[in-house]
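Everything below concerns the one structure shown next.
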Amino acid sequence: MPLSQRTTLTQFLIEQRRRFPQASGDFNALILDIALACKAIAGSVAYGALGGVLGAQAGSINVQGEEQKKLDVISNELFIRACEWGGHLAGMASEEMDEPYAIPPHYPRGKYLLVFDPLDGSSNIDVNVSVGSIFSVLRAPQAVVDGERPLQAQDFLQPGERQVAAGYALYGPSTMLVLSVGTGVHGFTLDPQLGEFFLSHPDIRVPEKTQEFAINASNSRFWEPPVKRYVDECLAGKTGPRGKDFNMRWIASMVAEAHRIFMRGGVFLYPRDTKDPSKPGRLRLLYEANPIGYLMEQAGGRASTGREPMLQVQPTSLHQRIGLVFGSREEVERIEQYHREPARVRDDIPLFAERTLFRD
Ligand SMILES: O=P(O)(O)OC[C@H]1O[C@](O)(COP(=O)(O)O)[C@@H](O)[C@@H]1O
Ligand SMILES: [Mg+2]
Ligand SMILES: [Mg+2]
């Protein structure tokens, strides 16, 4: 497509801003700073083994007790450096930082908070499989914006429905930025020669019906009954109560699974399970579940804990983990319904009950 007919991310944001004549432009500038961080991370990821950091351990442990890869740390740093000086933020929080990052006093302070997972799917770095970054934008409390009190972790503990914007970058065969500023979900593809994101997927909608699910089946013995039931019914295929065959995928980069679901539908589950009673789920509420949940809802899909809508959960801590189910609306609603129904033994599905495929 000729350059003159392409819409850049900047042009798209200007267009969106026309709807809010009173807007200061801070928000657009923040999104462009985030896009810059993502371009820089895409660059580091693309060097692969030649960059010397691919898969290398940083020699440190993050607040989750996970070993940090050099690229986790570098990506975190790139987010901070790209976004701290513009005057749009009052603070940031990330998977890779134990405590919130307050904007240094020599930079102007702004009215937003940025929460991010700088590199999602880190375990895939070593094997050159897609990884991504996930981000969420919240409003900062006025007292913090005005400098009346310092930033606290508490300031980030806002339910997902209060997000102002959310998005992710996917470092796959092509680099994409998928974004919602509250007016649907729009996808931009990076032109690597021009270093510019162009609108390539306007108004993404998640198909309502699907025959594809994604779950880490190695955890099956820890699943709760509603999840076992759902998966067993999918596996039973045409001969089971669903009356149709399902396909399964597992990339182990949630951001890549989410992208597949935005493109062609499906459902993703990383549910609460009994594997480690101290961890109610694997994924993190503030910088994984909420931004993806916001995007899903904006695209007509649904995100849930299984028990309640994800975006209504009141966070209790910065690095809180949670059970997460998202994707095509009908499937997520079905899973929620299974959570509401009392556990029951199904003898109409041979794979379920005693001889389930997924039971020890
Ligand atoms: O080890 P598992 O169960 O496959 O976990 C995969 C999950 O872990 C994650 O990689 C966690 O994200 P981080 O890489 O940011 O820690 C998700 O993207 C993914 O869904
Ligand atoms: Mg992650
Ligand atoms: Mg991460």
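Just the residues that are among the acidic types (Asp, Glu) and within 12 Å of the chain's Cα centre (by Cα), please, taken from the stretch 96-137. Write out each step before concluding.
Residues of the stretch 96-137 that are among the acidic types (Asp, Glu), as a first pass: 96, 98-99, 117, 120, 126.
ASP117, ASP120, listed by residue number.
With respect to ARG282, is the statement that it is more than 16 Å from ligand 3 (Cβ to nearest atom) and either of a type outside the set (Asp, Glu) or under 22 Å from ALA166 (Cα atoms) (or both) true?
In short, no.
How many residues are more than 16 Å from ligand 3 (Cβ to nearest atom) and either of a type in the set (Val, Ile, Thr) or at pLDDT below 95 (or both) if we restrict to the stretch 131-143? Walk me through how you get there before you give the answer.
As a first pass, look at the stretch 131-143 and keep what is more than 16 Å from ligand 3 (Cβ to nearest atom): 137-143.
Add one more test, that the residue is either of a type in the set (Val, Ile, Thr) or at pLDDT below 95 (or both), and what stays is 137.
Count: 1.
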Reported set for the stretch 257-292 where residues are touching a Pro at 6+ places or on another chain (Cβ under 7 Å) and crowded, with 22+ Cβ neighbours inside 10 Å is ARG272, LEU285, LEU286
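Hey, could you check the stretch 293-311 for residues that are at negative phi and assigned to a loop (DSSP other than H, G, I, E, B) and say which is surrounded by the most Cβ atoms within 10 Å (Cβ to Cβ)?
Filtering first and then ranking leaves GLY301.
Select from the stretch 89-126 the residues that are among the aliphatic types (A, V, I, L, M) and more than 16 Å from ligand 3 (Cβ to nearest atom) and write down the one among them that is surrounded by the fewest Cβ atoms within 10 Å (Cβ to Cβ).
Taking the stretch 89-126 and keeping what is among the aliphatic types (A, V, I, L, M), we get 89-90, 92-93, 97, 102-103, 113-115, 119, 125.
Checking which are more than 16 Å from ligand 3 (Cβ to nearest atom) leaves us with 89-90, 102-103, 113.
Values: LEU89: 28, ALA90: 24, ALA102: 16, ILE103: 23, LEU113: 24.
That would be ALA102.
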Does the stretch 109-127 hold any residues that are of a type outside the set (Phe, Trp, Tyr) and within 18 Å of VAL73 (Cα to Cα), and which are they?
-> LEU114, VAL115, ASP117, PRO118, LEU119, ASP120, GLY121, SER122, SER123, ASN124, ILE125, ASP126
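The values are calculated or read from the model by the stated rules, or taken from the named source; none is laboratory data. Because the structure is predicted, anything quoted here is derived from the model rather than measured. Note: ideal-geometry Cβ built from the backbone for every residue, glycine included; neighbour counts use all protein chains shown.
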